[in-house]
1. Leaving out ligands, DNA and RNA, and with a 1.4 Å probe, what % of the accessible surface on the stretch 187-327 is carbon or sulfur?
2. When the label point is put 7 Å from the Cα of ASP370 along its Cα-to-beta-carbon vector, which residues of the stretch 239-282 have a backbone N closer than 19 Å?
3. With Rg and the Kirkwood Rh both taken from Cα atoms, where does Rg over Rh land for the stretch 52-124?
4. Residues with beta-carbon under 12 Å from that of ARG59, excluding ARG59: net charge, scoring Lys, Arg +1 and Asp, Glu -1?
5. Calculate log10 I(q)/I(0) of the stretch 236-292 for q = 0.23, 0.26, 0.30 Å⁻¹, where I(q) comes from the Debye formula with a single equal point scatterer on each Cα and nothing for solvent.
6. So how many Å³ per residue does the convex hull of the Cα atoms of the stretch 241-390 work out to?
Amino acid sequence: MTVVGTGERQLVVHLNAPGWRAELEVAQPPTGTWRRVDFDVPLNGGRNPHREPLTAEVRYTTAENRLGDGWEKWFVKVYRCRSFGEAEALRRYLGQQASYIRGANSALSTDRVSPVDPPWSVVPVHIVRCDGGQEIVGPVQTELAASPSAMASRIMTALPSWLTDSPPAPERYLLAVSPFMDDLHWEEHQGWPATEHLQDFTAMAAGLDALHQQDTVHCDIKPANVCRYNTHHVSGYVLIDTDSVTPVYPPPRSLRPTKPYHYKAITDWFENPQLRHLGVDAAILRAHDRFGFAVVVLTALAGKGWVDRVLLRAPEQLTGYHSGADWRTADDRRLVIAALRAHWPDRPDRQWQPLIQTLAEPFGPEIELDSWSSAAWIQRVLRAESACVIEEAKPKLFPTADPVAYAADLEGIRTTALAVPSIRPELMRGRGYGAIEQTANDVALRAAFVRAAGSAAAVAIVIFILLYSVFG
């Protein structure tokens, strides 16, 4: 990465990796006021039990890729620290976070177009120094265009004023840049399980398992932190807001999860000063991630309004299930099963019990086990969906289509839908529907022609037989 300042209102970040590069122009200064953000930073890395709180300020802006290829829009976080020492500690910490994310993403696929392309489970982040330092972060190179000595003499013209103080102190600043993800629009109510979304969660689930195997957690999984990416090659859901990513060793004593998406044991930890002094156990941190992931999956399948109103609030009938006034439906698997049964009543052609039982699995204590796998759970949910179909109720109206006969039509639909990369699913969906409609018209015309030709041949045969019987 290279940071180049070319004027008061412009900053350019160069990203360079094997087979991939980008030039990100930050044309506008960050908006809003500085917001305080706290980190719990391990001092010496590894499993040293000592952590040190670190406070920085953050503001946000965006950048556009001037090269015209790759990801067009990027998100930029600007961190301001109190001293160079704290900036250096934060840089190491954020760089380690980025490394964990990179490791989780690299476990998803071996046939990427470039090492920085999707599929992703967590959106990748690149940390940029503003003081002329040089480093290599994974596949991405980081360096300042001007040498440190040259920067010192022309700092006021090399960097915009919003990135410096008086006197200039660029060594106190860091940039974190990542591909910009649009928010998803979650349906409020799904009276039928929207299982078509399950495949989009498979990469995220596998990446979450890989992140946990590195003794790292995201720690703030919720619907607002899940977005979607679409490219020519792959699409899926991805986690954002990587500030919350933290190693589980040494046990952190400061967390920033969002209510009401707390795993129950996290809520208990916050309310117990003695537990807070000891830090959060690794098993509870992993379970907190798995709980949040299950809540997001149910948000997609059942609707955000239902999740907020039923799953994350206390049910009306609580007798015999719990003790305590703050208990929620999501804190007891039996309550989750009962709520899903009421939400999705059985139909003549569907009995949802296998799906409901499997969806409720993460709402039990098993998610604290090291052996629990979010990826394996998603695969069980996919299999459970097929078990809900009543065989006798399957329609027999049409014969099974030969996929080979329609291979060219299916490829045409796919090519049209993916003609232009987009992070907006509604754009991809619109192009897909248009391609399906056009292909359906073409198939119908071919079928009508074949049928008409067959009818004409039958009429000709009848006429021939009649003529033969009369004149033969």
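The values are calculated or read from the model by the stated rules, or taken from the named source; none is laboratory data. Because the structure is predicted, anything quoted here is derived from the model rather than measured. No Cβ is skipped: glycine too gets one built from the backbone with ideal geometry, and neighbour counts run over all protein chains shown. Heads up: the accessible areas ignore ligands, DNA and RNA and are worked out on the full protein's heavy atoms, side chains in. Shrake-Rupley method; radii C 1.70, N 1.55, O 1.52, S 1.80 Å.
1. Details: 2760 of 5530 Å².
Taking all protein chains in place, the stretch 187-327 shows 50 percent carbon and sulfur surface.
2. In the stretch 239-282, the label zone of ASP370 (backbone N under 19 Å from the point 7 Å along Cα→Cβ) covers 247-252, 280-282.
3. Here the Rg-to-Rh quotient is 1.04.
4. Numbers: positive: ARG35, ARG36, LYS77, ARG80; negative: GLU57.
Cβ neighbours under 12 Å give a net charge of +3.
5. Reported log10 I(q)/I(0), two decimals: -0.97, -1.22, -1.51.
6. 123
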